[in-house]
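*Asks:* Structure incoming, see below.
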Amino acid sequence: MSPDTTSPTASSAASSASAPSAPAPSAPVAAGYDVERVRADFPALHQSAHGHPLAYLDNGATTQKPRAVIDAEVHFYEHDCANVHRGVHALSERATRAFDGARAAVQRFLGAPSPREVVFVRGVTEAINLVAHSYARPRLREGDEILLTQLEHHANIVPWQLAARETGAVLKVVPCNDRGELLFEEYLRLLGPRTRIVGVGHVSNALGTVNPVRAMIEAAHAQGVPVLVDGAQAAPHVRIDVQALDCDFYAFSGHKVYGPTGIGALYGKETLLDAMPPYQGGGEMIRRVTFQESTWAALPMKFEAGTPNVAGAVGLAAAIAYVEALGLERIAAHEHTLLEAATAALADLPGLRIVGTARDKASLVSFVLEGVHPHDVGTILDRQGIAVRAGHHCAMPVMERFGLPATTRASFGLYNTLAEVEALAAGLRKVREVFAR
Ligand code: PLP
C-alpha cells in the first residue's frame, strides 16, 4: 500500500526491527484514523469463517499480526539467522544488532531509563514467575503478605501462591465493587506493615477495568513496598511510562501488542534486578563457570539463560514500531469509540447484562445473556464469523466475585470497525432467536 500517515508501511516497521528509529511523535487524537487502511496491513483479517467475513473480536487473548511483523520475522530467518552475542561472523553480528535493537525498542516503548532494566521473557506469565521466584521468595518470611487484587489474571495469582506456599507468606486481596472497580480505601487498609509486595493488573482482562496503578504505587511506596504491574492488557491500549508510574516491575506480552507469541519483556528497576539471584541457570547468563562456582553476567543477561527468542524479539520490535507509528493515543481514541458503540448496542439487547462497568475501562465488553451459556453464545457467534472468547478468562476469582462461572467477552483492537460492533449485536440477536425457539 502507498505510504500514508495512518498506516505504517511494512518496510518502515521491518527495517526498524534491526535499527529502531525514534518513536513517531503522537498525532492529534484519532485525527484521520483510517481503519480500512490499517486493516489492509493484517493478512489474517481478510478471510471468512463459516462462510461469513471474519470479525475478530478476541484481541484480549491474542492479536493478529501486521505484515510488518510477519515480514520482519521472515527477513530475519531468510537473511540474519544466527545465534547472538558470541558469534564472530557476519550473520551473528547482524542478529546481535537486531536483538540489541529490539531491546532498545522495548526500552523506548516502556519509557525505561536503561536497556539493562529490560529483560526478555516469554511473556507476562514468565515475567511474574521470575519476580516471584527471584525477588519475592528470598525475602518472604512466615506471615509476610503479598497484596493482590480480586481482578487478577491467574498469571498474577498462582506464582505468588507458589512463593507463599514455600515461605509461609499469605495472599491478601483487594476487593472490587459491583462495577468492577477496586475499592481504594480497602487497598489502603490492606497495605500493612507485613506487606512485602503488591501485584496489580494495569487493565483487567476479564472486565476491562483500568486500575489506578499510579496512585496504588504511590501509596505502596509511602510504606516502602514495591509494586509489580501486569501490563498484559494495558500495553496494546495505553502509553506506558514506567518512570512516570514509578513502578518497580512492569510486564507485557508481545502477542497482545500485535507481535509474535513467545516473546515479552519484564521491566525492573536496576537496583532491584541487581540484587536478585538468577531465575534460571545456563548459557548466556554467566560470567565465569567452574565446577566449584559460577558468577553471573551483567544485567539484563543474568536473567536470560539460554539462546533467546531472537526472531521473536525482532518481530516484537516491528510490532512496537507499528503501533508507535500509528500512535497509541489515536489507537486508544479509536478503540474508545468502539467500546462506546458496543456498550450502547449491547445495552439495547433484552436479557443481556454487561459484567464490568468501570468508569475507566479498556475496549472490551464482558457479558452474560440470560438463559444461554456463554460457551453457546460464543459458538453461535462463531458460526456467524464472529470470534469472541467464552469462559472464566483465566480470572476465576473475579468470576466468583460476580457469582458467574463464565462470561462471553468481545475485545477490540486497533483494526476493529463499527461494522463489526454492529455484526456482534446482530449476532447476539440471532443467539436470542435460537434460544427463544
Ligand atoms: N495477565 C493478564 C491480565 C492477561 O490478560 C494475560 C493473558 O491473557 C496474562 C497475564 C498472561 O499473559 P501470557 O499468557 O502472554 O503470559
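*Asks:* Ranked highest first by the average count of other Cβ atoms within 10 Å around their residues, in what order do 229-237, 217-225, 146-154 fall?
*Replies:* Working: 229-237: 27.8, 217-225: 15.4, 146-154: 23.8.
Sorting 229-237, 217-225, 146-154 by mean packing, highest first, produces 229-237, 146-154, 217-225.
*Asks:* Still on this structure: In deg cm²/dmol, rounded to 500, what helix-only [θ] at 222 nm does the chain give when every DSSP H run of at least 4 residues adds -39500 (n - 2.57) and the total is split over its residues?
*Replies:* Numbers: 15 runs with 160 residues, N = 437.
Rounded to the nearest 500, the figure is -11000 deg cm²/dmol.
*Asks:* A further question follows. Once you charge only the Cβ atoms, +1 for Lys and Arg and -1 for Asp and Glu, what is the size of the charge dipole of the chain about its Cα centre, to the nearest 20 debye? Display every interim value, and only then the final one.
*Replies:* Values: 39 positive and 45 negative charges, 99 e Å.
Rounded to the nearest 20 debye, it is 480 debye.
*Asks:* By average Cβ neighbour count within 10 Å, what is the ranking of 126-135, 288-297, 113-122, 374-383 from highest down?
*Replies:* Values: 126-135: 23.9, 288-297: 10.0, 113-122: 19.9, 374-383: 18.3.
Most protected by this proxy first, the peptides run 126-135, 113-122, 374-383, 288-297.
*Asks:* If you take the charge dipole of the chain about its Cα centre, with +1 on Lys and Arg Cβ and -1 on Asp and Glu Cβ, which of 254, 303, 417 is farthest toward its positive end?
*Replies:* 303
*Asks:* Still on this structure: Nearest 20 debye, what's the magnitude of the dipole of the range 90-323 about its Cα centre given +1 on Lys and Arg Cβ and -1 on Asp and Glu Cβ?
*Replies:* Values: 22 positive and 23 negative charges, 80 e Å.
For this selection, approximately 380 debye.
*Asks:* If we count every other residue with Cβ under 12 angstrom of residue 42's Cβ, Lys/Arg +1 and Asp/Glu -1, where does the sum land?
*Replies:* +2
*Asks:* List the lysines whose Cα lies under 27 Å from the Cα of residue 256, skipping any in the same chain that are fewer than 8 positions away.
*Replies:* By straight Cα distance, residue 256 reaches 65, 269, 302, 361.
*Asks:* Counting Lys +1, Arg +1, Asp -1, Glu -1, what net charge surrounds residue 310 among other residues with beta carbon under 15 Å of its beta carbon?
*Replies:* -2
*Asks:* Related question: Using the per-residue mean of other Cβ atoms lying within 10 Å as a proxy for protection, in what order, highest first, do the peptides 426-432, 323-329, 309-315 fall?
*Replies:* Working: 426-432: 18.6, 323-329: 22.1, 309-315: 26.6.
Going from most to least packed, we get 309-315, 323-329, 426-432.
*Asks:* While we're here: Which value in nm describes the separation of the simple spin-label points at residue 158 and residue 287, placed 7 Å from the Cα toward the beta carbon?
*Replies:* Between residue 158 and residue 287, the label points sit 3.6 nm apart.
*Asks:* Considering only the chain, what is the antiparallel percent among its DSSP beta bridges, to the nearest 5?
*Replies:* On the way: 28 of 46 bridges.
Bridges in the chain are about 60 percent antiparallel.
*Asks:* Now a separate question. Relative contact order of the range 90-323, please, whole-number percent, based on alpha carbon pairs below 8 angstrom and at least 6 residues apart. Can you show the working numbers first?
*Replies:* Details: 457 pairs, mean separation 58.0, N = 234.
So the answer I get is 25 percent.
*Asks:* In whole Å, what is the distance between the alpha-carbon centres of the range 306-353 and the range 397-437?
*Replies:* Computed from Cα coordinates, the inter-centre distance equals 17 Å.
*Asks:* Ignoring any ligand, DNA or RNA, what whole percent of the accessible area of the chain comes from carbon and sulfur when the probe is 1.4 angstrom?
*Replies:* Numbers: 9510 of 17650 Å².
Its accessible area is 54 percent carbon and sulfur atoms.
*Asks:* Can you give the extra length, in nm with one decimal, that the chain gains between residue 429 and residue 62 once fully stretched, where that is 0.36 nm per residue apart less the Cα-Cα distance?
*Replies:* That works out to 129.5 nm of additional length.
*Asks:* Per residue of the range 216-231, in order, report the coupling 6.51 cos²θ - 1.76 cosθ + 1.60 (Karplus, θ = phi - 60°) as ³J(HN,Hα) in whole Hz, putting x for Gly and Pro.
*Replies:* 5, 5, 4, 5, 5, 5, 4, 9, x, 9, x, 10, 9, 10, 8, x
*Asks:* Suppose all protein chains stay in the model; what accessible area per residue would a 1.4 Å probe give for the range 321-375, in Å²? List each step's numbers first, then the result.
*Replies:* Working: 2060 Å² over 55 residues.
Dividing the accessible area of the range 321-375 by its residue count gives 37 Å².
*Asks:* To the nearest 20 Debye, how big is the dipole of the range 253-333 about its Cα centre, given +1 on the beta carbon of each Lys and Arg and -1 on that of each Asp and Glu?
*Replies:* Working: 6 positive and 7 negative charges, 13 e Å.
With only Lys, Arg, Asp and Glu charged at Cβ, the dipole is about 60 debye.
*Asks:* I've got another one for you. Compute the FRET efficiency between residue 436 and residue 47 as 1/(1 + (r/R0)^6), taking r as their Cβ-Cβ distance and R0 = 41 Å, and round to the nearest 0.05. It would help to have the intermediate numbers written out before the result.
*Replies:* Details: r = 31 Å, r/R0 = 0.76.
Once rounded, the FRET efficiency stands at 0.85.
*Asks:* Would you give the gap between the C-alpha center of the range 171-207 and the C-alpha center of the range 100-132, rounded to a whole Å?
*Replies:* That distance is 24 Å.
*Asks:* Now for a separate question. What is the sum of charges around residue 65, taking Lys and Arg as +1, Asp and Glu as -1, for the other residues whose C-beta is under 11 Å from the C-beta of residue 65?
*Replies:* Numbers: positive: 67; negative: 41, 71, 73.
Overall, the nearby charge balance is -2.
The values are calculated or read from the model by the stated rules, or taken from the named source; none is laboratory data. Every value quoted in this text rests on a predicted model; they were computed, and no experiment measured them. A quick note on method: Cβ atoms are made from the backbone with ideal geometry, for glycine too, and the neighbour counts reach across all protein chains shown. Heads up: the accessible areas ignore ligands, DNA and RNA and are worked out on the full protein's heavy atoms, side chains in. Shrake-Rupley method; radii C 1.70, N 1.55, O 1.52, S 1.80 Å.
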